[in-house]
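Peer 1: Pasting a structure below so you can have a look.
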Amino acid sequence: MNTNKSDLSDLLSMSYEEVEKLVDEIGEKPYRAEQLYGWLHKRGASSYEDMRNLPKAMKEKLKGRVTFFFPRIREKQVSKLDGTKKYLFELADGECVESVWMSYHHGNSVCISSQVGCRMGCTFCASTLLGLTRNLTAGEMLAQVYAIERDTKERVSNVVVMGTGEPLDNYGNLVKFIRMISDGKGLCISERNITVSTCGLVPGIRKLRDENFMINLALSLHAPNDVLRRQLMPVARSYALSDIMDAMRDYYSVNRRRLTFEYSLIRGVNDSEEMAVELSGLLKGMNCLVNLIPVNPVEETAYRPAGRGDALRFKKKLENHGIHVTIRREMGRDIDGACGQLRKRDAAKRGDLQGV
Ligand code: SAH
């Protein structure tokens, strides 16, 4: 299966240098490259019609050379509790991805998807139920942010790559996305305001360290030992926790950004005080934050979220060992919160999934 959609002729995925070359090739003046790139990456143009100061003839030439597609909002849910907005975007080939917009006191944050589906198989996650369909291009990752800015008419200050997909399983496009979204010619989102979350692909973590980005890295941990982690996350059979933690420490040694560990609390599975103590041992001496998330129930699984009392006890235990902990504010609790639920429901409606 070819999961890499060719991005050779995908205008939104082209770097500034690639756009300069394209503009030269179609015989336009160099300053047109800056205008075109600005329309695409600063001003969120959704079609050539938006690009008012570009000559018609240039647009016609572009249409013959490249594809330009802007995602269509297929569905949007708005939380009545906190204004969180969840989008289901339709891409050029009809595939759909989810993105979430959240407003915090420090600014607006967008959670984007990095793949259509996912092949990591985490047992508690709705996004992986249908497997991986394909990787997203850099342009498709960028366009989720642009389409949300366009719809909300608000600036986005933080981006988390924590939606559907495993970002380090789509490494090249992820890195291009990070370069383009943090670039001054685009939205210029500071690398410090970008977070990538991984289930723990060690070679990917090591490669990312070598990029020397200032981005934040989050690891989906969910268990304090390999035995339990292998039950919850098939990927844990490929990489031992000791190797993952070494890779995380190495990552930290380069950019000195506090690491985040995500831990979904599943009732009766990973929420005991003993596990909290074991987790403290694993994270000892690290500059990190543990983000506790009561697991979002997914119909297909028997997992239930830890109770409030157990979550608080788990948090306290970690804090007693000097570890920073937050219990994630449940944003948009009243809308299809869990990863992949919206897309899954949409697919079921269209009959792609039986019995869901
Ligand atoms: N593949 C990446 C990013 C996508 S998943 C990763 O594993 O980090 C984003 C986060 O949501 C991960 O921490 C994932 O483990 C978590 N997650 C997935 N399904 C969940 C659920 N039903 N309840 C709570 N967290 C979930």
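Peer 1: Starting from a Cα-only point model with no solvent, please compute log10 I(q)/I(0) by Debye for segment 11-65 at q = 0.23 1/Å.
Peer 2: Log-scaled intensity ratios, in q order: -0.87.
Peer 1: Under a straight-distance cross-link criterion of Cα-Cα below 17 Å, which aspartates and glutamates are reachable from K176, leaving out those fewer than 8 residues away in the same chain?
Peer 2: List returned: D7, D10, E17, E18, E20, E140, E166, E191, D210, E211.
Peer 1: Now, a different point. Step through the table entries K63/K185; K153/K185; K42/K63; K61/K153, compare each Cα-Cα distance with 25 Å, and write down the pairs that go over it.
Peer 2: K61/K153
Peer 1: Note down the magnitude of the dipole of the chain about its Cα centre, charges +1 on Lys and Arg C-beta and -1 on Asp and Glu C-beta and zero elsewhere, to the nearest 20 debye.
Peer 2: 600
Peer 1: Heavy-atom accessible area of T123 with all protein chains present, probe 1.4 Å, nearest 10 Å²?
Peer 2: Counting only protein heavy atoms, T123 exposes about 50 Å² to solvent.
Peer 1: Excluding residues on the same chain fewer than 8 positions from K85, give the aspartates and glutamates whose Cα lies under 15 Å from its Cα.
Peer 2: Straight-distance partners of K85: E75, E98, E149, D151, E154, E330, D334, D336.
Peer 1: Would you kindly calculate the translational diffusion coefficient of segment 1-129, applying Stokes-Einstein with the Kirkwood radius from alpha carbon pairs, for 20 °C and a viscosity of 1.002 mPa s, and quote it in µm² s⁻¹ without decimals?
Peer 2: Here the translational diffusion coefficient equals 124 µm²/s.
Peer 1: A further question follows. So with the 1.4 Å probe, I'd like the accessible area per residue for the chain, rounded to whole Å².
Peer 2: 44
Peer 1: Starting from a Cα-only point model with no solvent, please compute log10 I(q)/I(0) by Debye for segment 149-218 at q = 0.13, 0.15 1/Å.
Peer 2: Summing over Cα pairs of segment 149-218 leads to -0.37, -0.49.
Peer 1: Based on the Cα coordinates of the chain, what is the per residue volume of their convex hull in Å³?
Peer 2: So the per-residue Cα hull volume is 141 Å³.
Peer 1: Roughly to the nearest percent, how much of the accessible area of the chain is carbon and sulfur, given a 1.4 Å probe?
Peer 2: Reported share for carbon and sulfur atoms: 47 percent.
Peer 1: With unit charges on the beta carbons (Lys and Arg positive, Asp and Glu negative) and the dipole taken about the Cα centre of the chain, which residue among L312, F124, S47 sits farthest to the positive side?
Peer 2: Looking along the dipole axis, the top candidate is L312.
Peer 1: Shifting gears a bit: Sort K317, K86, K56 by heavy-atom solvent-accessible area, probe 1.4 angstrom, most to least.
Peer 2: K56, K317, K86
The values are calculated or read from the model by the stated rules, or taken from the named source; none is laboratory data. The model shown is predicted, which means the values in this text are computed figures rather than measured ones. Reconstructed Cβ throughout: ideal geometry from the backbone, glycine too, with neighbour counts over all protein chains shown. Ligands, DNA and RNA are excluded from the accessible area calculation, which covers all protein heavy atoms including side chains. Shrake-Rupley method; radii C 1.70, N 1.55, O 1.52, S 1.80 Å.
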